[in-house]
Structures are given as C-alpha cells and as structure tokens.
Amino acid sequence: MAASHPSGPRDASHGPGAPATAAGDALRATGAAVRDADPGDAVAGVAPRWVASPASTEEVAALMRVSAGYDLAVVPVGGGTKQAWGDPPQRCDLVVGTSSLVLGGGSAVEHSCGDLVARVSAGLPFDVLQSALAASGQELALDGPVPGGTVGGMLATAAAGPRRLRYGTARDLLIGITVVLADGTVARSGGKVVKNVAGYDLGKLFTGSYGTLGIITEAVFRLHPVPPARRWVTTALPAPAAAGESATGFPVGPGALATALAASQAEPSAVELDWLAPSGAPALSVLVEGTAAGDRAETVRGLVGSGRATGVRAEAVRDLAGGGDGPAPGGRVEAVPETAVTRQAPGWWGAPPGEVLLELRIPPSGVDRALSAVAGRGLPARVRGSLASAVLQIALPGEVGAAAFAAFVSGVRADVAPLGGRLTVLAAPAELARLAGRWGPVAALPLMRRVKERFDPGRRMSPGRMAGGL
Amino acid sequence: MTETLDELARRLAGVLPPGAVITDPVRLRTYECDGLTHHRAVPGIVVLPGSAEQIAAVVKLCGEYGVPFVARGAGTGLSGGALPRTDGVLVVTSKMRRILQIDLANRRAVVEPGVSNLAITEAVREHGYYYAPDPSSQQVCTIGGNVAENSGGAHCLKYGFTVNHVLALEIVTPDGDIVTLDADDPGYDLLGAFVGSEGTLGITTKVTVRLSRTPESVTTLLAAFRDIEQGGQAVSAIIGGGIVPAAIEMMDALAIEAAEAAVACAYPEGAGAVLIVELDGPAAEVAHQFAEVERVCRAVGAFELRTAAGPEERAAIWKGRKSAFAAVGRISPAYIVQDGVVPRTALPEVLAGIDRLSAEHGIRVANVFHAGDGNLHPLVLFDDAEPGAGERAEAVSGRILDLCIEHGGSITGEHGVGVDKSRYMPKMFTDDDLDTMQLVRCAFDPRGLSNPGKVFPTPRLCGEVPGVRRGVHPLVESGRAEQF
Ligand SMILES: Cc1cc2nc3c(=O)[nH]c(=O)nc-3n(C[C@H](O)[C@H](O)[C@H](O)COP(=O)(O)OP(=O)(O)OC[C@H]3O[C@@H](n4cnc5c(N)ncnc54)[C@H](O)[C@@H]3O)c2cc1C
C-alpha cells in the first residue's frame, strides 16, 4: 500500500504545526490545481486552508499522500449541496473538490450503451449524467434530489428519491467503484459487469460514508432503458381530524393506501406523499412506468378511488393544481378532478420539502401512526417522501429554534421507536442539530468504528462527520 | 484429534445441547466437502447449534483456543467456500430452520439461516408473495448460504441478487458478539458489505428478507435458432429495444444434447441454440413486450417459437435448462462447472474464444448461460479415466476465466471465489485493491479465524490498528486548534 512511501515529512520537526507554506507547496507540487481557501470554502462552518481541484484519480492520490505526510485533515466536496448533511468536520485543512475529475480518456462519462452500463466520474452532476444517457434512451434509475448534486455526493450520503420502491437506491445500482484512501492508496472493487461476486464490495461500504473512509473518484452503474411512458396518478386525501375519526386521525390513512398500492399487481414505481402537518390534506401521487402505462394508471386510479373517502378540501385541490408549497398564484382554485392522471409529475415530486430536514424510516405498517406522531407535536412540518418504502423526509421551519427542534426530534423518536422506526437529522445547521443529536442509536456503530480505524487510523478523512463522531 | 481440539470439544459440549457436538470420524466425513467435490478436508469438530446464542458461545470458545471456524449451510456451494478445516470447527446451521415471522403488511419475513431458499416462497405463495432470488439449487440451499454467496438465479436480471432483497441481518461477529446490520441504519452499508463475504466476516444467525408480490402475468417463450450467433443477436435486440425480461437464458447445441439425453426436454430438432425468455409483470405490459420479443426472434431467424400456455408448459420449457448441469453427466464421465461474467456485448467474441480453446485442447465445452447479464456457465467435459484429460480440462476452464478478465468481466458471477478461485483474484484485482478489502476483513476479524483461506489468495496478518488516535487530536491538546 502507499503508506510505505510518504510524500511529506512526518517526523516531529515537520509534523502537525509545520509551517503551512511547506504543506501548501507540497500540495501544489503534486501538479493538481490547488489554491488558498477563502471564507466561502468553509464546510459546514469549518474553514479549510487549501482547496484542490484534482483532474484525475492519480492527482487525488498524490494529494492524499501529501496530506498523510503533513497530517492534514481532508474533506471531499462534490457540488456542495449537502454540506449541512452530517455533522461539521472536526477539522479541515484541505477541501478536495471533485468537480474537475475526469476519467482516463478525458471525459466524465464512459457509456457502454449495449451493456447498459456507465462508468462515471464522481464529480459529475447527477442531472448532467442523466441528460448524457437520455440521448441513448437510457437512464440511471435513481432520482437526484438536489439540483447540482454530484454522483459522488449522492453515494456518500446514500441519498435516494421516489423510485427507490422499484429500483432500490444507489447501492443497488452501483456495480463498481474507485476510491482513494487517506494514505493515497487507490482501490477498486466490482467492475463493469452487472453480475459479479468476486471480492468484498467496497462500493457498499462507501455508500453512506460521508467522506469518512476516503474519496470516491469513479463509479460504475447499471443502467435501465428509459421507460416508454410515465403516468402520475395524484389525489388529495381528506385532512386528519382533530381526534376520534380513526386511531391515527386520518380518515384515509396515507400509509394504509400506499401499502395497498404497493401490494397491487399494477407495480407502481413510486408512491409519494406531500403533507403539511398537523392539519393539511395529504397529497398522494403514484408513478407508473413502462409500456401500457396509461392502462395501468387507470387501474391505479381505480385502486386509489376505492381506497379513499370522498370530499376533498379546497386547499388540497389547490396544492394539487399548483403543485407548490405555498398558495396557488392569485389564490385561484383550479378545478382538478379528485384523482388526476397526468403525464407530468406534481411540482413537489422528489424535491426536498425544506432546508432543515429529518428522515423517518419505519416498517410500512407504522407509517400512519408515525404521521400522527408528527402531527401530535403541533409544529408546521412538511412531510414528503416515499410512502410505500416508508422513507419520509420531514422539513421544519428554519426559525424553529434549537429547543423546539430538539423536543420535536426526541418526541417523534420516542413515538416511532416502538413501531420499529428511526428518525435522523438529515440536514440541519450545527446549532440546531447539536442538542437533538443527529443520528439516534445505531446498533452496528462499534463495527463501523472498527472499519473507520482500519481505513483511516489518523482520523484525517472528514473526521466527525458521520454517526458516532466517525 | 489434537489435544486442543479434544479439550475444545469438551468445552463445546458444555455450551450446546446434547448431540450437537460431533467428533465421530465416520460422521465427520459426511461434511468433508461442499458442491465442489474435488476439494476435501475432514473437519476437526462439527457442531449443530440451535440458536444465535449458541453460535456466539461456539465462536467465543474458538477464539479462546485460537481455532478457526467455518460456517456451513446445505453444502451446495460450488467454490469450496464451506470446505472445512481439519484443525477447526465446522458450524452447521441445519438445526436452525425456523421461519420466525411472516409479516405481509410490511412485505418481509424473518428466518433462521438454515431455512432453504424455496421454503420462504412456499410459506408465502398462497398469499400472493414470493422471495425473488431463485438459485437453481433453491430446494436445498440455505438462506444463510445465499447471503454468504450473494446468490442470484435465473431471474436476477430483472430482480437483482440476494443483496437487493435482504433488509437486515443478525450476525455473530468473529469476536462472538451478536450484532444487527440493518439497511435502515445510517452510516457505512455494512449489511451490503457482509452479503457476499463468503463467511469470512462472521456467521449469519437471522435474516430479514423482502417479499415480492407475485406478478400478475408471466409468459415464457422458447426460441430455437440455427446457431448461437443468431441467439446472441436476439438477446442484444431484445435488451437494446428497452425490454428487461425477468429471465433470458441460452443453451448451445451440446448443452441441448445433454439435456435431451437426461430429461427428454424435447426442444426443437436441429436447434444450434435455444433461448428461453420469460416476461413478467402487469398483464398489459407483458402482452406488449411479448409481441415485441416474438417479432425480434423471428426477425433474426428463429425457426421455431413456443409459448407456454400455463404452468405445466412453462415447467416443460424450463426443464431442460434447469437440469443442464447434472445432464452433462449423461454425455461425459466428468465435467467442471465454470462461472464467469463478461459484458453482454462481448459474448460473441468470448464464445468464439471458448470454441477455439475447446478445439485447441481437444476438450468439449457445453455452454449454458444467463445471457441477459453475460454470466457464462461453460461446462468443461472430460473423461477422468483418460490420463491427462483432467489437467487439460482444468487448463481450458482456467483459460476461460482469463478470457472473461481480458474482456473486462469477472471470475465469478454467482458461485463465489471460495478456495477454488482465490488464485485468480490477483488477476482481477491489484495488490492495493486486495489489501483494501483486507482492511474490511481486519475490522471484522483481526485474528482471521472466520473461514480463513477463502476468497483471498494469501492470508495476511492484520496487526494492531496503526496509530489510532483515541484521545483528543494533538493540535487541540497543544491549543493550536479547536475541536468542533
Ligand atoms: C445444482 C446447483 C445449482 C446451483 N445454482 C445456483 C444458481 O443458480 N445461482 C447461484 O447463485 N448459486 C447456485 N448454486 C450454488 C449454491 O447453491 C449457492 O452458492 C448457495 O447459496 C449455497 O448455499 P448453501 O446453503 O448450500 O451454502 P454452503 O455451500 O453450505 O456454504 C456456502 C458458503 O456460505 C458460507 N455460509 C453458509 N452458511 C452461513 C452462515 N449462516 N453464515 C455465514 N456464512 C455461511 C459458507 O462458509 C460458505 O462459504 C448452485 C449449486 C448447485 C449444486
């Protein structure tokens, strides 16, 4: 491994605290683009000294060897869209930006169309990748939640969107990965074929690693053909009553309806919720993809119709029509049928419901009770996400205040724990998250800690960003 | 038995129920190999634990004595993964066959590791559900073995492998701790990393699997072609046309001949290749795709098409394919089952390469493969009575893997590395790749007691974690930086 050829002095006279210029010079000497950081480069409020924009895996490796020699803490950054995800790094000397990374041949995507496989540079924005693939009628069957988010960032945060119900998440479509470890070692696992069980799957390990194990520089994905047709079946369910209507307060349980849809043979690709707690009318939207999508959407419409109660409040109808978070422009209420089949997604589809985000995961049968637990806190929380997969995001107003935020988090955590659910703070400024605790209990944390110790014994890779201070 | 094993056996008897520790040489011998029968070793001790706690106690005792242990399910593995250690303990899960929970509302089931793959589907079929990964060995192989091998099946092109259908695992770590790995946990996807680790990171004691809804409609089609090139063109055209069939399997002339001899599957006379295409899903979609597949097959020259009208006819179409491995026993005294993967577009070239190898070495090769994902199962035929034939067959089999690697593929798509292919790992991976994988091993199993000698070519010592900083960072200590 690379550890045996240090590229910088690591003895007492040059170790931590050596003149910053020496480390800076050594970083520049790698040939990678390196500049002094400015205040805008801070990662979750932590200011680095340098920012590097390497163009290749080899340059990343060279930077990492120098960082090892000078004991620099390194934080990889993609599009910078998810800096409030995870705890702030405990230290940060060097930011390694991935957006200039390219593959060997100089491009950022190598698309093997006939094999339905693409090798991709980690710094490539997800939406750019999708448009490149769309030209050949193919796609990476994931949803990029935040515009500008990169492939590497999506893997590192294990972010996924509505179609997880059908296709799984990034880890399910990732078939190969290239990473650079803290000491500069370049390692690959998997390959370019969709079926492969040779060796450990490092790609899985790096999924959700928040930059704490190393830097992802390349990924290989299995692709799917773009479905010939898509339909969204969208409906508004009656708002929850104060009490008494049912155990959960919902006249029609969104979770119960989603479970019925997921169990139907219409095979929806996604069943999504958009709801403003505590008393808004939940909107539910179902995606059907593939040939005969139109016919199948009618089947779904029938299922939704038989599952829901009549009587939709005007406010919900407006939400449906406008598809936005606020009131429709001019307060105009459009006449939308109770359950609409459209060729376009509702405006809220797949978009994060706010800036300050929690993530709720629960066995599907517990969804309705979890939603009423959210309502029970009384805050105006917007809940959005995958009902059938039971992974929901909850947005709280930014001005909520640390104490109320913490009370909400611990209250909902306590309510969902007996249902087998867990609530994590996905994205929040450090001041808010500190009191609440981002992660909640993680059973496998001792094993994760041992993995971290082996991969990054010096704790130099995004230290502290992940659960357990890893 | 050595003194250490003697003493260990006595201690094991103290933590396990009566009869769960086997030391009788005759009974030990029944465990000497898995499905790869030319690797054999009589285990030092066999234990038949009945619970996770008992497995944890066994593993702890092994740790105390520094004795290696190997987990074993049904022993159907084809890479020697469950090959025992003569100086170790074989932990057999055959007493752990309970389905603990079927939770249809949440579309999942919780099972013990010794439950057979098919038993899960059988338990939920009447409710309209099934467990999707379907290795051909599904009647016998265990879910614990499936997890260890990340097993696939004929339908994994559309539905994925074991790793895509496991929601949580309870494992006993090589330290003897019982730990749950859950797909919903934040942080490193340890669940994903454990699946496919071939028993080298610990022993699975409980598996939560996803249950899938039985599709509304299933159509199975058999297409006969003059030669394998035509069949390959059909596969490319189907997939290039945007269809992802549930399964798309191909057999060449020799494989058909064998299947015909063994099970009289009555495939079309004169076929140089047959393709089995199965489509499933919503009826409207399947009908549409079926018409397209039929059109494509005819366009590239299929001379006969058969469509299964019901479950019996479907079974008849699959019969030849499913019996193919055993069937070659009818046309050859001995054979090697190979498992390699190539990018689908490289199939024609690689098949031609296999033909050349076969001619050069005078060794017949029957080809059966999961065409949709480029997973080849060449059956290398030889006569073990003929001097030197075994060696030539081995050579051909190995060269086929070289071909896969040269074309950017893999040395195994589903049978695993085990002891059989560990020597090929350095051809597919660099030392740095393998050393990095070894870091994972060292995190889970620093003493290397869990199924040692499998997967990786050269066992390495893990050593202490170098320079782990457990306290505050020196910069913080010296007041030159602030901790956040
Ligand atoms: C006729 C035939 C057809 C086959 N078809 C397919 C196929 O279509 N697809 C496919 O993928 N495979 C196939 N296989 C291979 C084999 O059936 C699979 O690898 C299967 O998953 C092995 O399960 P098992 O219970 O027999 O495991 P074993 O052979 O007993 O063990 C396999 C590996 O798993 C480990 N292991 C077993 N149980 C545990 C546990 N509880 N915890 C940790 N490690 C454990 C063992 O140490 C070993 O490394 C086939 C085999 C045969 C003989």
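The values are calculated or read from the model by the stated rules, or taken from the named source; none is laboratory data. Keep in mind the model is a prediction, meaning the values are calculated, not measured. Cβ: placed from backbone, ideal geometry, glycine included. Neighbour counts: every protein chain shown. To get the accessible areas, we keep the full protein, side chains included, count just its heavy atoms, and leave off ligands, DNA and RNA. Shrake-Rupley method; radii C 1.70, N 1.55, O 1.52, S 1.80 Å.
Residue B:129 passes every criterion in (1) within 13 Å of the ligand (Cβ to nearest atom); (2) touching a residue at least 60 places away in the same chain (Cβ under 8 Å) apart from (1). Looking only at residues of the stretch B:252-295 that are more than 14 Å from every other protein chain (Cβ to nearest Cβ) and under 27 Å from residue B:212 (Cβ atoms), we find that the one that is most open to solvent (accessible area, probe 1.4 Å) is B:294. So how many residues does the stretch B:38-81 have that are closer than 18 Å to residue B:453 by Cβ and free of Cβ contacts under 8 Å to residues at least 40 places away in the same chain? So the answer is 1.
Scanning the stretch B:96-114 for residues that are open to solvent by less than 30 Å² (accessible area, probe 1.4 Å) and outside any loop (DSSP other than H, G, I, E, B) yields a count of 4. Annotation note: Cβ proximity below 6 Å between a residue of the stretch B:437-449 that is facing another protein chain (nearest Cβ under 10 Å) and a residue that is open to solvent by 20 Å² or more (accessible area, probe 1.4 Å) (sequence gap 6+ or interchain) occurs for B:438/B:460; B:439/A:454; B:442/A:454; B:442/B:462; B:443/A:450; B:443/A:454; B:446/B:462. Condition first: within 14 Å of the chain's Cα centre (by Cα) and not in a strand (DSSP E or B). Now tell me which residues in the stretch A:352-376 satisfy that. Those that are within 14 Å of the chain's Cα centre (by Cα) and not in a strand (DSSP E or B): A:352, A:353, A:354, A:355. Taking the stretch A:14-125 as the region of interest, none of the strands (runs of 3 or more DSSP E) fully inside it holds 3 or more residues being acidic (Asp, Glu) and under 23 Å from the mean Cα position of the chain (by Cα). Residues in the stretch A:176-212 that are farther than 29 Å from residue B:420 by Cβ and touching a strand residue (DSSP E or B) at 6+ places or on another chain (Cβ under 6 Å) were compared, and the one that is nearest to the other protein chains (Cβ to nearest Cβ) is A:212. Of all residues assigned to the stretch B:452-460, none qualifies as being under 15 Å from residue A:450 (Cβ atoms) and modelled with pLDDT of 95 or more.
Can you name the residue in the stretch A:255-289 that is surrounded by fewer than 21 Cβ atoms within 10 Å (Cβ to Cβ) and within 14 Å of chain B (Cβ to nearest Cβ) and is also modelled with the highest pLDDT among such residues? That would be A:269. For residue B:374, the conditions (1) among the small types (Gly, Ala, Ser); (2) free of Cβ contacts under 8 Å to residues at least 60 places away in the same chain; (3) more than 7 Å from every other protein chain (Cβ to nearest Cβ) are fulfilled apart from (3).
Can you work out which of the residues in the stretch A:441-470 that are closer than 19 Å to residue A:358 by Cβ and touching a Pro at 6+ places or on another chain (Cβ under 8 Å) is farthest from the other protein chains (Cβ to nearest Cβ)? Going through the qualifying residues, I end up with A:465. Keeping to the stretch B:405-455, report how many residues are of a type in the set (Ser, Thr, Tyr) and more than 16 Å from the ligand (Cβ to nearest atom). Count: 3. Residue A:434: within 13 Å of another protein chain (Cβ to nearest Cβ) and more than 16 Å from residue B:186 (Cα to Cα), yes or no? Answer is yes for this residue. For residue B:402, are the conditions met, namely being within 16 Å of the ligand (Cβ to nearest atom), surrounded by fewer than 23 Cβ atoms within 10 Å (Cβ to Cβ) and at pLDDT 95 or above? No: the conditions fail for residue B:402. Residues in the stretch B:115-139 that are assigned to a loop (DSSP other than H, G, I, E, B), within 18 Å of residue B:321 (Cβ to Cβ) and of a type outside the set (Gly, Ala, Ser): B:133, B:134, B:135, B:138, B:139. Please determine whether any residue of the stretch B:69-79 is part of a loop (DSSP other than H, G, I, E, B), open to solvent by less than 20 Å² (accessible area, probe 1.4 Å), near the ligand (Cβ under 10 Å from one of its atoms) and within 14 Å of chain A (Cβ to nearest Cβ). Yes, the stretch B:69-79 contains at least one residue that is part of a loop (DSSP other than H, G, I, E, B), open to solvent by less than 20 Å² (accessible area, probe 1.4 Å), near the ligand (Cβ under 10 Å from one of its atoms) and within 14 Å of chain A (Cβ to nearest Cβ).
No other residue among B:327, B:315, B:287 is assigned to a helix (DSSP H, G or I) and either of a type in the set (Lys, Arg) or closer than 25 Å to residue B:392 by Cβ (or both) apart from B:327.
Going by what's in this entry, would residue B:429 be described as out of contact with any strand residue (DSSP E or B) (no Cβ under 6 Å at 6 or more places or on another chain), crowded, with 21+ Cβ neighbours inside 10 Å and aromatic (Phe, Trp, Tyr)? So residue B:429 passes the test. The residue pairs whose first member lies in the stretch B:326-350 and is within 10 Å of chain A (Cβ to nearest Cβ), whose second member is among the basic types (Lys, Arg), and whose beta carbons are closer than 7 Å, counting only pairs six or more residues apart or on different chains, are B:341/A:195; B:343/A:192. Among the residues making up the stretch B:175-187, those that are within 15 Å of the ligand (Cβ to nearest atom), open to solvent by 10 Å² or more (accessible area, probe 1.4 Å) and hydrophobic (A, V, I, L, M, F, W, C) are B:178, B:179.
Okay, residues lined up against (1) closer than 16 Å to residue A:216 by Cβ; (2) of a type in the set (S, T, N, Q); (3) within 14 Å of chain B (Cβ to nearest Cβ):
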{"residue": "A:80", "(1), (2), (3)": "yes, no, no"}
{"residue": "A:98", "(1), (2), (3)": "yes, yes, no"}
{"residue": "A:116", "(1), (2), (3)": "no, no, yes"}
{"residue": "A:141", "(1), (2), (3)": "no, no, yes"}
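Note on the stretch B:188-235: residues that are part of a strand (DSSP E or B) and either farther than 14 Å from residue B:248 by Cα or open to solvent by less than 20 Å² (accessible area, probe 1.4 Å) (or both) amount to 17. Can you find a residue in the stretch A:390-411 that is closer than 24 Å to residue A:276 by Cα and facing chain B (nearest Cβ under 10 Å)? Among the residues of the stretch A:390-411, at least one is closer than 24 Å to residue A:276 by Cα and facing chain B (nearest Cβ under 10 Å), which makes the answer yes. Looking at this structure, is residue B:387 of a type outside the set (A, V, I, L, M) and part of a strand (DSSP E or B)? So residue B:387 does not fit the description; no. Looking for something part of a helix (DSSP H, G or I), in contact (Cβ under 8 Å) with a residue 24 or more places away in the chain, away from the ligand (no atom under 16 Å from the Cβ) and open to solvent by 20 Å² or more (accessible area, probe 1.4 Å) - is there at least one such residue anywhere in the stretch B:359-367? There is at least one residue in the stretch B:359-367 that is part of a helix (DSSP H, G or I), in contact (Cβ under 8 Å) with a residue 24 or more places away in the chain, away from the ligand (no atom under 16 Å from the Cβ) and open to solvent by 20 Å² or more (accessible area, probe 1.4 Å). Taken together, the residues in the stretch B:142-173 that are near the ligand (Cβ under 8 Å from one of its atoms), part of a strand (DSSP E or B) and not hydrophobic (A, V, I, L, M, F, W, C) amount to 1.
Among residues that are in contact with a Lys or Arg (Cβ under 7 Å, 6 or more places away or on another chain), part of a loop (DSSP other than H, G, I, E, B) and closer than 15 Å to residue B:413 by Cα, residue B:176 is not included.
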